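The values are calculated or read from the model by the stated rules, or taken from the named source; none is laboratory data. Quick caveat, the model's predicted, so the values are computed rather than measured. FYI the Cβ positions are ideal-geometry reconstructions off the backbone, even for glycines, and counts take in every protein chain you see. These area figures cover heavy atoms from the full protein model, side chains too; ligands, DNA and RNA do not enter into them. Shrake-Rupley method; radii C 1.70, N 1.55, O 1.52, S 1.80 Å.
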Amino acid sequence: MKNYLKKQILLIIPAILIVMMVSFGMVRLMPSSAVDSYLLANHLERNEYNIQVAKERFGLNEALPVQYIHWMQNVLRLDFGESYTSRRPVSDMLANAFLATFRLALSASVWIIILTPLLGIGAARRPNGVIDRVTRIFCLC
């Protein structure tokens with residue numbers, strides 16, 4: 001059992017690194033750049049000076065590997081910076097979204113815990129009955 005856990009933990013590390021690389025790359029491949037979003041949200045003119053200031057502010061004037069290392073260090077510290085558009089900390093925005101997601105998942109879990117046994121009992125009491133057929137359809141879909 002210990003060997004299995006060690007193996008699984010060792011396998012998850014490259015998976016996490018790959019997901020982080022893909023996340024970093026997808027942000028860089030978006031059609032609208034962070035600089036454009038920042039300038040638009042702050043009603044700044046798109047000129048060479050403002051572009052350069054925005055690139056320096058977000059560290060986009062450095063080489064891509066250096067950007068990735070800085071990004072990785074910040075992610076590991078759970079520092080996601082600030083939103084380019086709202087200028088609010090991304091951590092706060094994620095916390096607000098997490099609470100709403102948690103509430104939704106909790107309420108869904110409560111319904112599942114209540115309804116599943118009731119439907120199972122109803123299906124078992126009358127094989128091939130209405131409840132049994134309906135639950136079979138939902139289970140197969």
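Annotations
- Proximity of backbone amide H atoms, modeled 1.01 Å from N, is registered between residue 82 and 90 at under 5 Å, excluding neighbours fewer than 5 places apart on the same chain.
- Rounded to whole Hz, the Karplus (6.51, -1.76, 1.60) HN-Hα couplings of the range 92-106, x for glycine and proline: 5, 5, 5, 4, 4, 5, 5, 4, 5, 5, 4, 4, 5, 5, 5
- Of the trypsin sites (Lys or Arg not before Pro) found in the range 69-141, those in coil by DSSP whose Cβ has at most 13 other Cβ atoms within 10 Å are 77, 87.
- Theoretical ellipticity at 222 nm over the chain - DSSP helices of four or more residues, -39500 (n - 2.57) apiece, nearest 500: -25500 deg cm²/dmol
- Think of each Lys and Arg Cβ as +1 and each Asp and Glu Cβ as -1; about the Cα centre, that makes the dipole of the chain roughly 980 debye.
- Given charges at Cβ of Lys, Arg, Asp, Glu: the range 1-88 dipole, positive-most of 70, 35, 9: 9
- Accessible area of the chain divided out per residue, in Å², using a probe of 1.4 angstrom: 82 Å²
- Portion, in percent, of the accessible area of the chain that falls on carbon or sulfur, probe 1.4 Å: 69 percent
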